[in-house]
1. For segment 141-199: of the residues being surrounded by 22 or more Cβ atoms within 10 Å (Cβ to Cβ) and basic (Lys, Arg), which is farthest from the chain's Cα centre (by Cα)?
2. Of all residues in segment 217-238 being at pLDDT 95 or above and in a loop (DSSP other than H, G, I, E, B), which is surrounded by the most Cβ atoms within 10 Å (Cβ to Cβ)?
3. Test of understanding: among SER10, SER56, SER19, which residue is loosely packed, with under 14 Cβ neighbours inside 10 Å and outside the structural domain of GLY272 (by TED's automatic domain parsing)?
4. Hey, can you tell me all the residues within segment 178-191 that are under 21 Å from ARG210 (Cα atoms) and either not assigned by TED's automatic domain parsing to the domain that holds GLU262 or not aromatic (Phe, Trp, Tyr) (or both)?
5. Does ILE241 count as assigned by TED's automatic domain parsing to the domain that holds ASN130, in contact with a helix residue (DSSP H, G or I) (Cβ under 7 Å, 6 or more places away or on another chain), of a type in the set (Val, Ile, Thr) and under 15 Å from GLU101 (Cβ atoms)?
6. For residues in segment 71-101 being modelled with pLDDT under 90 and in contact with a Leu (Cβ under 9 Å, 6 or more places away or on another chain), which is farthest from PHE11 (Cα to Cα)?
7. Hey, among VAL29, VAL51, VAL102, VAL73, which residue is assigned to a helix (DSSP H, G or I) and either surrounded by 17 or more Cβ atoms within 10 Å (Cβ to Cβ) or not assigned by TED's automatic domain parsing to the domain that holds ALA200 (or both)?
8. Write out, first by first residue and then by second, each pair whose Cβ atoms fall under 8 Å of each other, whose residues are 6+ apart or on separate chains, and whose first residue, in segment 47-60, is farther than 14 Å from LEU8 by Cα while the second is of a type in the set (Ser, Thr, Tyr).
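The values are calculated or read from the model by the stated rules, or taken from the named source; none is laboratory data. Keep in mind the model is a prediction, meaning the values are calculated, not measured. Positions of Cβ are generated from backbone atoms using ideal geometry, with glycine treated the same way; all protein chains shown enter the neighbour counts.
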Amino acid sequence: MILNMNQLRSFYMAARKRSISRAAEALMVTPPAITIQVKQLEETIGIRLLVRDGNSIRLTEAGERLFERAEKVFQQIHEMEDFLEDMATDKSGKLRIGCPEVPLKRLMPTIELFKKTYPGIRVILEQGSNLDMVKSVESNHNELAVIRYKPSKSRLKVKVIWEDEVVLIRAPASVHLSASEISVMELSEFPLILRREGSAVRDVALEHLRKFKVSPVIAMESASINLLKEFVRQDHGIGFIERQAVNEEVQNGTLQAVRILEGSPVIESGIGYRNRKDLSPPAWAFLRLLDKGLNQKKKGGERKSRQKQENRRRL
């Protein structure tokens, strides 16, 4: 039997993601394409591998056994791709990356590791709003940029790498809002401080309010995160901001997070680029380095989860 790697890859990704649609997203193909490839693999070997279970899928016993072997195969392929990428990547050149202010904290460890791995490649880092970053990639000014992931709203490919809660903040002794929790339906009654137009956080916050048919009173806008926090601290109004950007102030009590009873909006961010075929070797190397770090974190989380489950069983 000659193994069809496209079929095996489709099965492996569907099994790993436990979803046909998420597998299609990861492989940048359509869900029907994944379904066809898996079905062809099943027909070739004459064994059922996946069973639909509502919106997700589950593996048959044979599927579990194949998944374990496929995982080893694709891990080796991934290592070989890294090896070949290192051989092919120029030891000189430049890589232009765009990134808004807050996500930069999460991206910096990868940038620092990239500089150590490829010291001859000059990294040019630019900042701006989410809209600025999208335009910078669309115009070929930057090869890569951290942008908000929003399905079907951009011509760019986006590799999702993290998500962050967008929290509502107030001054500790605010005259506008003294409660520690609030219904989203009440937010039209308070002056709101937002980031400037083009900001992903602004878009996410306003989309969340529109879901509940809330029309906010926008009192102030700022392109600067620090200035927005200062406006809120001086009690000019309440504001929306990424949890990561305000953790220190919430911990030391200079600002307070207000719980929204209906839930807080969440922003998904990822690395955006035009097309795979257009990426330079340095850009590919950066994406692979980022991928490797994310996979290590995921495996570490899975190990901790398994350890917790094992500890519970022992109790």
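1. ARG170
2. If we take residues in segment 217-238 being at pLDDT 95 or above and in a loop (DSSP other than H, G, I, E, B), then GLY237 is surrounded by the most Cβ atoms within 10 Å (Cβ to Cβ).
3. Criteria check complete, one pass: SER56.
4. GLU181, ILE182, SER183, VAL184, MET185, GLU186, LEU187, SER188, GLU189, PRO191, listed by residue number.
5. no
6. If we take residues in segment 71-101 being modelled with pLDDT under 90 and in contact with a Leu (Cβ under 9 Å, 6 or more places away or on another chain), then ASP82 is farthest from PHE11 (Cα to Cα).
7. VAL73
8. Here the result reads VAL51/THR60; ASN55/SER19; SER56/SER19; ILE57/SER19, each pair linking segment 47-60 to a residue that is of a type in the set (Ser, Thr, Tyr).
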